[in-house]
Structure formats: structure tokens, C-alpha cells
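The values are calculated or read from the model by the stated rules, or taken from the named source; none is laboratory data. Worth saying up front: this structure is predicted, and the values here are computed from it rather than measured. Cβ placement follows ideal geometry from the backbone for every residue including glycine, while neighbour counts extend to all protein chains displayed. What goes into the accessible areas is simple: the full protein's heavy atoms, side chains included, and nothing from ligands, DNA or RNA. Shrake-Rupley method; radii C 1.70, N 1.55, O 1.52, S 1.80 Å.
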Amino acid sequence: MGEARTEDRPVLTKLWPDARTALKGIVRDGMLLAIGGFGLCGIPEALILALRDTGARNLTIASNNAGVDDWGIGLLLKTRQVTKMISSYVGENLEFERQYLAGELEVEFCPQGTLAERMRAGGAGIPGFYTRSGVGTVIAEGKEHKEFDGVTYILERGIQADVALVKAWKADLHGNLIYRRTARNFNPHAAACGKITVAEAEIVVQPGELDPDEIHTPGIYVHRLVHHPHPEKRIEKRTTREE
Amino acid sequence: MAWTRHQMAARAACELQNGFYVNLGIGIPTLVANYIPSGMTVTLQSENGLLGMGPFPLEAEVDADLINAGKETVTFVPGASTFSSADSFAMIRGGHIDLAILGAMQVSERGDLANWMIPGKRVKGMGGAMDLVSGVRRVLVLMEHTTPDGGAKLLRTCSLPLTGTGVVHRVITDLCVLDIAPAGFEVMELATGVTREQVEQATDASLSYSDALR
């Protein structure tokens, strides 16, 4: 990185000692959180555990899935800290189903692409957008319909979260993030839509060590960073082939 | 003789063209990947953020960070790319995917599709199905012609909650290939040994037949 300037100046660092201290003072009852991940792939494991340990209640969580019974967001359902989920698919979680059928948990089902775009838009200062996804279905009920060039679209709202929790592969101290493989998924959009965004990363390096061309989420979106070198990375469906 | 699941998948593979970008749903559609004609390049998209999805990994290749939309561990083919969820659905919604092959619970003669929930049963959510059917250029449904107890799945009107309206172009079942034509279901092909009467009995809508079958 020959072009980076190296004169003496204080290094901006967003690194916090651990997930628990990183969430101190920013999580409150009744908040809306956006959490990255698809299934258990690319979820911020340490931050979800730390969120549970804050004891914050009546949370609304926008996340594509709701984890499984004993991992990911499922941990927060077990402790009854969540009153509403905004998700596209929740089929892997029996505790979720139990609370939902008992009327203890509200669910706003949102098509997957619409959910990603709602976070992206919220982070980009766009309060709403029109999409064809869901037109003519229960998802469209009560939403504004508008015709463009003979095609009907519905209005969906951007999401701005009070706090966003995301998982990266590599980060530098400025909060620049690089994701790995399909663990990227919703993480860049969750990061962008958080008024306060906390990221955990497997690898944390000095500013200048990441190639600027390879940054997925620029550090401007990330307010606090936690180093979590050995996440469990549970696999939901381990499928293999024979040689 | 009706088609087997594998024969249905092989028939669906005849819809592929060289250079196509294709999204395959869970169930029988997944089998289509095994029947891509040799010498044809078809790139598989997985809506969690992957173009160029390869087969399941060898045990030593398993990578928790590399999964498909069914949350199964997969591999890359050479030339694969990964991207965010918003980018993934931008290519879906933006009409860049040539073909989606999906399973279904019900399809109506107007091309309405129901494949995400049964009232009173477990609610799991629609995942990316609504975005796929409304965004992909061509939607092919691959499903058994009837329910396991013989109930019709091809109907005048869907009774289950919809995934999309007027979105299906073609249906391949174990009995036949049907198009959604302006006047309703048009049978394009019959499975070997299947009669018109069999198809009519298993369908709760009126049928027309393509010229080739007249």
C-alpha cells in the first residue's frame, strides 16, 4: 500500500475490548435492531450473546431469519427479550413457532429482497421505494399501490435501526470491513442502516493493511468494533459429496 | 406411465440455454442441476449471494461461510462471485436472471402461484420466493400434478395465499408440460403413455392442447 501516508498522527480506533463493553450504554428496552446473517451464516455471534446479557427487553429485530432454538437470535427468543421480528423466513426455530402461535411474539413477514432493500434504503437516506415483490399477495395489504409504465408496484419503507450488529471477516481499526464468501449476505445493509453500528470481526488489522479496493463496508458506517477471532460458525445443513 | 422426479428434472433441463443464469428452488428443481447438457454453460444463482454455485463439497472442503439458499454447504465453480443480499435481489428484481425453476403447492390458469404457506399449518415465511417470481424473466414450475392424496394443484383459482399473481410461464408435472396461455392452461406435451383424460381428471380447470397434440 505504497500510496498510504504514514506521517505521525493519532490512529483513529473503534476497537472495544469485548462485545459486552461495546454494547454498554447503547442498548435500551424497546429498541429496533438490525442484525446481519443468513440462517446461521455470517451472524455476529459474540454480539448476540452480549445483547442477551444486557437484559434489554421488548426488542424489535430486523433480521432475515430468527436463528435456531439454541443459537443466534434464538437465544434472545428463549429469554423473551424480543417482542417483534421483521424476517423473511423463520422455519428453523420451534421456540419461535411456540411464541408466535401463543401470540407472544409479533412477526412482520417481509420478502427477502424487500428486507435487504429496506435496510439498504434506510442506510442511504431513502425513506421508501416501490417494488413488484408481493403485489397481489397478503404482503401488499394496506400498502400504497402505484402504476409505472403499466406495471403495479407497492411502496415499502426503508428501515433505520437504533443499533445494528454485524459480522465481518476482516476489519481495520477504522471499522473498514471485508466479508467472506456467502457470510456477507445482509451484513453490509444492516451496517449501513444502524444509527449506531457495532461490528465483530475474526481478524483486526492496522489501518492501511487492507486494500482500499477490497473494502465492502467503509468504516464510516461502523462505530464500534470487536475482535472475535474464533466464532463457532455452526452449519445448519452439512451436505457433502463422495469423492 | 407418468414421469419420475428425475425424468421431470431432465425435461426441465431442456428449458436451459447456453449462457443462462438460473435460480433453482428447493426440492425437485434442485435435481435439474444434474441434467445440464454437457457443453452448455449455465450459471446457478443462489439468492443468499452467490453466482456460480457448484456441487456439495467433499468432506475436507466444507466451509461454513459458503452455503446456498437452502442453508446447505456448497462449493464455487470457476468464475463464481459472491455479493450482498441487496445486490442479489437487485439482479433478481432487475430482470437479469433468465430463468427460475420453483416448486409449488398450487398454480392457477392465470399463472398465479401459491408456494409459501398453508393457513393453520406452520408459518415459515416466503423467503425470497415473492421477489423471484416477480423479478425473474421466466418462471418455470416443476411439481407433481396433484397432492399426495390426489387433490388438484392446477386450478381455476388458487385457494392458498399467493406468492405472486400472473407470474408463472410454464409448468412441468409428472403428467405433462403446460403453458399459461391467454386462455388458460395449454398442454404442450404429455408424458409417455399419459392420456388427455388422465390430465383432465387431475386438473381443476379447463385445458386446451397445442397444435402438436391436436
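Applying the selection to the range B:88-140, what residues are modelled with pLDDT of 95 or more, touching a Gly at 6+ places or on another chain (Cβ under 8 Å) and on the phi > 0 side of the Ramachandran plot? Answer for the range B:88-140, where residues must be modelled with pLDDT of 95 or more, touching a Gly at 6+ places or on another chain (Cβ under 8 Å) and on the phi > 0 side of the Ramachandran plot: B:GLY95, B:GLY111. Among residues of the range A:17-31 that are over 10 Å from A:ALA56 (Cα atoms), those with a Cβ under 6 angstrom from a residue that is open to solvent by 40 Å² or more (accessible area, probe 1.4 Å), sequence gap 6+ or separate chain, pair up as A:ALA22/A:TRP16; A:ALA22/A:ARG224; A:LEU23/A:THR54; A:ILE26/A:ILE196. Within the range A:86-108, restricting attention to residues that are over 13 Å from B:ARG122 (Cβ atoms) and within 10 Å of another protein chain (Cβ to nearest Cβ), the residue that is surrounded by the fewest Cβ atoms within 10 Å (Cβ to Cβ) is A:SER87. The single residue among A:ARG157, A:ARG184 that is at pLDDT 95 or above and surrounded by fewer than 24 Cβ atoms within 10 Å (Cβ to Cβ) turns out to be A:ARG157.
Scoring A:LEU75 on the criteria (1) of a type in the set (A, V, I, L, M); (2) more than 13 Å from chain B (Cβ to nearest Cβ); (3) assigned to a loop (DSSP other than H, G, I, E, B) leaves a single failure, condition (3).
If I go through the range B:1-43 residue by residue, how many of them are assigned to a strand (DSSP E or B) and either crowded, with 20+ Cβ neighbours inside 10 Å or touching a residue at least 40 places away in the same chain (Cβ under 8 Å) (or both)?
Total meeting the criteria: 4.
A:LEU51: within 12 Å of A:ILE35 (Cβ to Cβ), open to solvent by less than 20 Å² (accessible area, probe 1.4 Å) and more than 9 Å from chain B (Cβ to nearest Cβ), yes or no? Judged against the criteria, A:LEU51 is a match.
Restricting the range A:178-208 to residues that are in contact with a helix residue (DSSP H, G or I) (Cβ under 7 Å, 6 or more places away or on another chain) and hydrophobic (A, V, I, L, M, F, W, C) leaves a set whose member that is farthest from A:ALA161 (Cα to Cα) is A:ILE178.
Here the condition is being open to solvent by 30 Å² or more (accessible area, probe 1.4 Å), in a loop (DSSP other than H, G, I, E, B) and not aromatic (Phe, Trp, Tyr); of B:PRO161, B:PRO148, it holds for B:PRO148 alone. Residues in the range B:62-93 that are of a type in the set (A, V, I, L, M, F, W, C) and assigned to a strand (DSSP E or B) were compared, and the one that is least open to solvent (accessible area, probe 1.4 Å) is B:ILE67.
Please verify whether B:GLU47 is more than 18 Å from the chain's Cα centre (by Cα), of a type outside the set (A, V, I, L, M), closer than 20 Å to A:SER88 by Cβ and buried (at least 18 other Cβ atoms within 10 Å of the Cβ), treating the condition exactly as stated. Taking the combined requirement at face value, the residue does not satisfy it.
Just for the range A:217-243: of the residues that are within 11 Å of A:ALA168 (Cα to Cα) and either open to solvent by 70 Å² or more (accessible area, probe 1.4 Å) or part of a strand (DSSP E or B) (or both), which one is nearest to the other protein chains (Cβ to nearest Cβ)? If we take residues in the range A:217-243 being within 11 Å of A:ALA168 (Cα to Cα) and either open to solvent by 70 Å² or more (accessible area, probe 1.4 Å) or part of a strand (DSSP E or B) (or both), then A:THR217 is nearest to the other protein chains (Cβ to nearest Cβ). Taken together, A:LEU210, A:LEU177 contain a single residue that is open to solvent by less than 30 Å² (accessible area, probe 1.4 Å) and more than 13 Å from chain B (Cβ to nearest Cβ), which is A:LEU210.
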